[in-house]
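**Student:** One structure, pasted below without further comment.
The values are calculated or read from the model by the stated rules, or taken from the named source; none is laboratory data. Bear in mind that the values here come from a model prediction, so they are computed numbers and not experimental data. Neighbour counts are summed over all protein chains in view; Cβ atoms, including those assigned to glycine, are modelled from backbone coordinates with ideal geometry.
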Amino acid sequence: MRGVVMHAPGDVRVEQREDPKILAPTDAIIRLAATCVCGSDLWPYRGVDAVEGATPMGHEYVGVVEEVGADVRNVRPGQFVVGSFVSSDGTCEICRSGYPSSCVERVFMNAVGTQAERARIPHADGTLVATPGMPDADLIPDLLAASDVLGTGWFGAVAAQAGPGRTVAVVGDGAVGLLAVLSARQLGAERVIAMSRHESRQKLALEFGATDIVTERGDEGIQKIKELTGGLGAHSVVEAVGTQQSMHQAIRSTRPGGHIGFVGVNHDVTLAGEELFFSQVHLHGGPAPVRQYLPELIDLICNRKINPGRVFDLTLPLDEAAEGYRAMDERRAIKTLLRP
Ligand SMILES: [Zn+2]
């Protein structure tokens, strides 16, 4: 099969990869209907994370089940499925407590590499959710978004306790930040402040339900959030970048007693204990437990209540993955969908 392989920073190629096989009786093999490039794929692409030899890429996926192992009960060949970027057994104590992304059996799907024609999904019963019937073609980008960026934005909003009566600020205007705006509104937040300096992203944030846009960053951005919230700061802040600056932005934009959902993969962030102590904020984040939200998100998508697939502003054939990475790296695209 064909699949995306990163050889070095900036060097992404589509090559022949070995066809996936059932390795454990709990595995399934899917044929991908769509896959995509993630903001987190840009860390190795930009050389921030090391690339250790030829590395298959990709962790987001939707597709049709082709084959299942002997112990798989919940999905069967022919079904269209969505899964999280982390596999989970669905049965361990951590899964049952609502944190499947920290399942004791978890496999990060980067290890599988889903930017490919087919993929092996470990723990298929716990990981995959079948859609009600074969979805219309125009819903595929929406369902693909649920695999990571929507589920992650949703977790950010839940962790920040977005809801009725609360003002939510979102730090970061990538796909996750934009979908955190959508999620916060869906969860009932009355006011959602999107922090963005890019016109096309501001526009999408407004379409997703943002009520205010803040273009300032750093101290000025914090000041602006305070001005919009009676000097107090937001009740809820979603951090969707993962840098020192964005974490500071989030903590300092939250009112005492408020909640922060931090879902940007942290890179070299250090927090001063004393500042954290006096900020009196709740911090909750990490790899999003997307699997626990999938049934609800699939339902919202299939009933056309939300259209998260709008974050894909570039669609390319899998063979042109290199251009898909380049476009995101140069911020010409918010997110690239790849058609195998
Ligand atoms: Zn588990």
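**Student:** Which condition does residue 267 not pass, out of (1) more than 16 Å from the chain's Cα centre (by Cα); (2) modelled with pLDDT of 95 or more; (3) not aliphatic (A, V, I, L, M), if it passes all the others?
**Tutor:** (2)
**Student:** Still on this structure, I have one more. Restricting to strands (runs of 3 or more DSSP E) lying wholly in region 104-194: which have 2 or more residues that are buried (at least 24 other Cβ atoms within 10 Å of the Cβ)? Reasoning before the result, please.
**Tutor:** On the way: elements: 118-121, 128-130, 167-171.
The strands (runs of 3 or more DSSP E) meeting that bar are 118-121, 167-171.
**Student:** Of the residues that make up region 293-302, is at least one more than 14 Å from the chain's Cα centre (by Cα), under 14 Å from residue 152 (Cα atoms), in a helix (DSSP H, G or I) and without any contact (Cβ under 8 Å) to a residue 40 or more places away in the chain?
**Tutor:** yes
**Student:** What are the residues in region 123-138 that are away from the ligand (no atom under 16 Å from the Cβ) and acidic (Asp, Glu), if any?
**Tutor:** Correct list: 136, 138.
**Student:** Please enumerate the residues belonging to region 80-101 that are touching a residue at least 60 places away in the same chain (Cβ under 8 Å), more than 8 Å from the ligand (Cβ to nearest atom), outside any strand (DSSP E or B) and not aromatic (Phe, Trp, Tyr).
**Tutor:** 84, 98, 101, listed by residue number.
**Student:** Next question. Which of the following residues is modelled with pLDDT under 95, outside any strand (DSSP E or B) and either out of contact with any Gly (no Cβ under 6 Å at 6 or more places or on another chain) or on the phi > 0 side of the Ramachandran plot (or both): 53, 58?
**Tutor:** 53
**Student:** Please verify whether residue 68 is in contact with a strand residue (DSSP E or B) (Cβ under 7 Å, 6 or more places away or on another chain) and modelled with pLDDT under 95, treating the condition exactly as stated.
**Tutor:** Answer is no for this residue.
**Student:** Another one. Residue by residue through region 104-122, note down the ones that are away from the ligand (no atom under 11 Å from the Cβ) and basic (Lys, Arg).
**Tutor:** 118, 120
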